[in-house]
1. How many residues are in contact with a His (Cβ under 6 Å, 6 or more places away or on another chain) and either farther than 19 Å from GLY84 by Cβ or acidic (Asp, Glu) (or both) when one looks only at the stretch 19-71?
2. For the structure I just gave you, tell me whether PRO127 is surrounded by fewer than 14 Cβ atoms within 10 Å (Cβ to Cβ) and under 15 Å from the mean Cα position of the chain (by Cα).
3. For the stretch 26-40, how many residues meet the condition of being part of a loop (DSSP other than H, G, I, E, B) and farther than 12 Å from ASN57 by Cα?
4. Which one is surrounded by the fewest Cβ atoms within 10 Å (Cβ to Cβ) among residues in the stretch 82-124 that are of a type in the set (Phe, Trp, Tyr) and farther than 19 Å from ALA138 by Cβ?
5. What are the residues in the stretch 22-41 that are of a type in the set (A, V, I, L, M) and either at pLDDT 95 or above or under 13 Å from the mean Cα position of the chain (by Cα) (or both), if any?
6. Applying the selection to the stretch 85-99, what residues are more than 12 Å from LYS69 (Cα to Cα) and either in contact with a strand residue (DSSP E or B) (Cβ under 9 Å, 6 or more places away or on another chain) or touching a residue at least 40 places away in the same chain (Cβ under 8 Å) (or both)?
Amino acid sequence: MATRQARLRPDVSVLCNERKDVEAPRKILIVDDERDLVETCARFLGLSRYECARAFNKSEAIRSIDEFKPHLVLTDLHLPDGTGFEIVRYARSKNPQSLAIMITAYHSPDAEKAVVEAGANAYLPKPFAMSELGRTVAMTFDEIFLSAPL
């Protein structure tokens, strides 16, 4: 743990709520109108010691961002009352260091390009395996440490 703390930039340590004695859990907000998917993702990520909040539409996601203050937002691209793009923009307006992973059942090269242009850190087309989700989340958080100067 000391090696990782030594490599953290000051802005990243604030993002991860790192303390010298205990590493706080990383917080993930999961947003999708498919309740079963949200619950499955939350249970799976919880096993890896991530703290997860759930939202099933844009308005719940906005409220959760304000209250839960997630480090990473995992959001569907298309929601009944808005888009994942709007959620990511809102999260970043509250914390520019916020990370984002977009998921969608409407996979296409155009969708992938739009996600990248919107500044998402990663993109997962549905359906995806939980192991793939776990790797993507871990790699997204690891980007912070890999990009930090030694």
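The values are calculated or read from the model by the stated rules, or taken from the named source; none is laboratory data. Quick caveat: nothing in here was measured; it's all calculated off a predicted structure. So basically every Cβ, Gly included, is an ideal-geometry build from the backbone, and we count neighbours across all protein chains shown.
1. Of the residues in that region, 1 qualify.
2. Answer is no for this residue.
3. So the count comes out to 1.
4. Among those that are of a type in the set (Phe, Trp, Tyr) and farther than 19 Å from ALA138 by Cβ, it is TYR106.
5. Selection gives ILE28, LEU29, ILE30, VAL31, LEU37, VAL38.
6. PHE85, GLU86, ILE87, VAL88
For (1) outside any strand (DSSP E or B); (2) modelled with pLDDT under 95; (3) within 25 Å of MET130 (Cβ to Cβ); (4) aromatic (Phe, Trp, Tyr), each residue gets a yes or a no:
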| residue | (1), (2), (3), (4) |
| --- | --- |
| VAL12 | yes, yes, no, no |
| LYS20 | yes, yes, no, no |
| ARG43 | yes, no, yes, no |
| ARG54 | no, no, yes, no |
